[in-house]
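The structure under discussion appears below in the form of structure tokens.
The values are calculated or read from the model by the stated rules, or taken from the named source; none is laboratory data. Remember, predicted model here, so these are calculated numbers, not experimental data. With ideal geometry, Cβ positions are generated from the backbone for all residues, glycine too; neighbour counts draw on all protein chains shown. Accessible surface areas use protein heavy atoms only, side chains included; no ligands, DNA or RNA. Shrake-Rupley method; radii C 1.70, N 1.55, O 1.52, S 1.80 Å.
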Amino acid sequence: MQFKYQNSTLLSTNSILQTAQSIISYVIHLNDVQAKNDYTDPECSINLPADQRIIKSVNETAEQLNENNKLKYIIDIGIGGSNLGTKAIYDALYGYFDTIEPDRLPKMIFLDTNDETYTAKLIKFLEKINDPEEIVINAISKSGGTTETISNLEIVFHTLQKKFPDIKNRLVLTTDENSRLWNMALEKGIKKLPLPSLVGGRYSVFSAVGLFPLKLAGVDIEQLLAGAENIKKTCLASNVLNNPALLSAAIIYLQSKQNKNIHDTFSFLPQLESIGKWYRQLMGESIGKEQDLQGNKIHAGITPTLSIGSTDLHSVGQLYLGGPKDKITTFLYTKNHNEIAEIPEELEFNLVPIIKGKRVSNIMNAILEGTKTAYTKQQLPFVEVEIDKVDEYSLGEFLQFKMIEMMYLGKLMNVNPFDQPHVELYKVETKRILEEN
Ligand code: PA5
């Protein structure tokens, strides 16, 4: 993975380096957390990729549930931090292609929110399954009590239990040890996987929350974790010039101070759209805070947006290039594509002759380069993240880079990037309204 920022941020290198250097004691703290290699600090998610116990329990449970290679569908029930990381990786590798690769199995079915029509259609789909070994249900909830997740679990379980009385054996619950869900699993003899209690949902993708369903889906989780572990070393470097997470945080922070309070992740790989959605939660919940660390009301926040190249150039390109200069953009792309596709040498229609014989990626590269040049001409700041390839290793690198970036950004903004007190507000109100009706 390469992080590029020189000559495109409209900031002086000096100010970026000084800002990064101002939190060097926090870099040292992260190194201490890594050295402790336990789960006693808020930043402890950085220790997940090297935790062999997690990999062992995930692999064992996954192998047990697919020992006859019959698995076709993994129903992933969870919302927010409990499913966005899983979906980010699944969609990048498989999900984006699911419609045009109908025979590739197993497939993941994500159940996050509560949509009545979708639920009704899903029930009909589940009723057609004839062999319980074709299905695994994985319900994930850190708290164990999120209304949407538990509703979806009840529906799926009830539907399948009517047909398969032992469907309990195909259910795995992933949750905090000692949550109500955990204790219920213990009582009922349901398989369960733990999430360390100080690892928050949006930092949990390298725990059983993400690893178990991804392993079942065929993702090489060892490579995913190897990428995460490799970039972690770079992102904990105390030489700020070599630390992409720290540089990225410093640039986003400095731009926010200049009223560029929107951070757009502009992916020129459409299969990474769900990674952008994962990052929206990471940035939204980590940085959007009413209070600073001293308890002063500050209503801080940087709004994360997501754009897909080149699709969104045809929808919001005008706004971005001609509208308010209120954004800092991260362009995300690769130059190495997993498969090759070319425009024919003989053009049937010949309406755009310059495309003749070109690889599809040549066209996309030209659009990306054209977009960057237009941003430069319009004096719109950006950084670039070039991943080596869309594979497990590079995705592991990117997600870990972004999680550590967010810890640094929280420090720079003087907010707690690990809590989300205001998410609870709607949850409490929802339960109150349901009780009254
Ligand atoms: O990050 C968060 O805390 C939230 O987005 C949660 O992940 C989400 O609300 C789901 O909560 P839980 O995992 O407890 O069901």
Using a probe radius of 1.4 Å on heavy atoms only, what accessible surface per residue do you get for the range 68-142? Whole Å² is fine.
46 Å²
Among Lys327/Lys372; Lys168/Lys402; Lys233/Lys372; Lys260/Lys402, the pairs whose Cα-Cα distance exceeds 26 Å are Lys168/Lys402; Lys233/Lys372
Are there trypsin sites (Lys or Arg not before Pro) in the range 50-94 that DSSP marks as loop and that have at most 15 other Cβ atoms within 10 Å, and which are they?
Lys70, Lys72
Computed over the range 57-108: relative contact order in percent, which uses C-alpha pairs under 8 Å that are six or more apart
48 percent
Between the modelled labels at Asn242 and Ile129 (7 Å from Cα along Cα→Cβ) the distance in nm is 4.9 nm
Which distance in nm do the two modelled labels at Glu346 and Gln291 give, with both placed 7 Å along the Cα-to-Cβ direction?
7.3 nm
If the label point is 7 Å along Cα→Cβ of Arg359, which residues in the range 366-396 have backbone nitrogen under 18 Å from it?
366-370, 386-391
Length-normalised contact order of the chain, Cα under 8 Å, at least 6 apart, in percent, tallies to 22 percent
Toward the positive end of the charge dipole of the range 6-122, about the Cα centre and with charges on Cβ (Lys, Arg +1; Asp, Glu -1), which of Ile55, Pro106, Asn31 goes farthest?
Pro106
How far apart, in nm, are two points set 7 Å out from the Cα along the Cα-to-Cβ line at Lys389 and at Ala35?
3.6 nm
Roughly how many Å is it from the Cα centre of the range 193-272 to that of the range 6-40, as a whole number?
15 Å
Let me spell out the model: positive unit charges on the Cβ of Lys and Arg, negative unit charges on the Cβ of Asp and Glu, origin at the Cα centre of the chain. What dipole size does that give, in debye rounded to 20?
640 debye
Filter the cross-link list Lys121/Lys335; Lys232/Lys377; Lys107/Lys142; Lys56/Lys87 down to pairs whose alpha-carbon distance in this structure exceeds 29 Å.
Lys121/Lys335; Lys232/Lys377
Leaving out ligands, DNA and RNA, and with a 1.4 Å probe, what % of the accessible surface on the range 213-320 is carbon or sulfur?
45 percent
Which listed residue (Leu269, Gly323, Leu399) has the Cα farthest towards the positive end of the charge dipole for the chain, taking +1 on Lys and Arg C-beta and -1 on Asp and Glu C-beta about the Cα centre?
Gly323
Distance from the Cα centre of the range 299-328 to that of the range 117-145, in angstrom?
36 Å
Treating the Cα atoms of the range 266-324 as identical point scatterers in vacuum, please give the log10 of the normalised Debye intensity I(q)/I(0) at q = 0.13, 0.19, 0.25, 0.27 Å⁻¹, two decimals.
-0.47, -0.77, -0.97, -1.03
